[in-house]
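Below is one structure; the comments refer to it alone.
Derivation of every value follows stated rules applied to the coordinates shown; laboratory data play no part. Being a predicted model, the structure only gives us computed values, none of them experimental.
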Amino acid sequence: MMDERRMVRVSKYLAKHLRHQPERIGLTLDASGWVEVETLLRVAGEHGFPITMPELEQVVAANDKRRYVIQDGRIRASQGHSVPVRLDLPVVEPPAILYHGTVARNLPSIRAQGLRPMNRHHVHLSPDRETATRVGARRGVPVVLVADAAAMHAAGHEFQVSANGVWLVDHVPPGFLRFPG
């Protein structure tokens, strides 16, 4: 059983190399973001960050956001990539309301432009206020925005949901957002 600090370090290492900079350690993700587990473990060790299979399995299983998926001897991040990948998720009808956690300093831009993916492929929305609050709290005092997903869907916006329950959409125009206060 790994201690909490090691779990966080392994999880951050995985995020960096499965979502953002695989080339930094010589990993090549396939078009859908997958890489062989054996390759990941070998390359991580070669680059001074050895990870054991039990550690990897524990991080994947214990991650509260289920950020990673292991399937058929391969691993990928569930979403949040800044490198080009096709997650091949089906387009689905969203719940009526979804939530987005942010901080107050981002509100002027969001009021003007809506929610944009920034350096990622999609805007991430949460199915509940609690999750959105935790997401916003990573950057300061959280502010939770409410997205009228039903109206967006009716207007032709396409939604996908990742394996860990994060809702993905290309953009949320400001007219579909409710701001606090």
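Given the rule -39500 (n - 2.57) for each run of at least 4 DSSP H residues, summed and divided by the residues of the chain, what is its mean residue ellipticity at 222 nm, to the nearest 500 deg cm²/dmol?
Numbers: 6 runs with 54 residues, N = 181.
The per-residue figure over the chain is -8500 deg cm²/dmol.
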Inset, instruction - Starting from the Cα gyration tensor of the range 97-178, take the square roots of the eigenvalues, sort them a ≥ b ≥ c, and report rounded, prolate or oblate (rounded when a/c is under 1.5, otherwise prolate if a/b is larger than b/c, else oblate). - result: oblate
Inset, instruction - Could you please state, rounded to a whole Å, how far the C-alpha centre of the range 1-44 is from the C-alpha centre of the range 163-181? - result: 28 Å
Legend entry - Helix 53-62 vs. the chain, principal-axis angle (Cα, 0 to 90°, nearest 10): 20 degrees
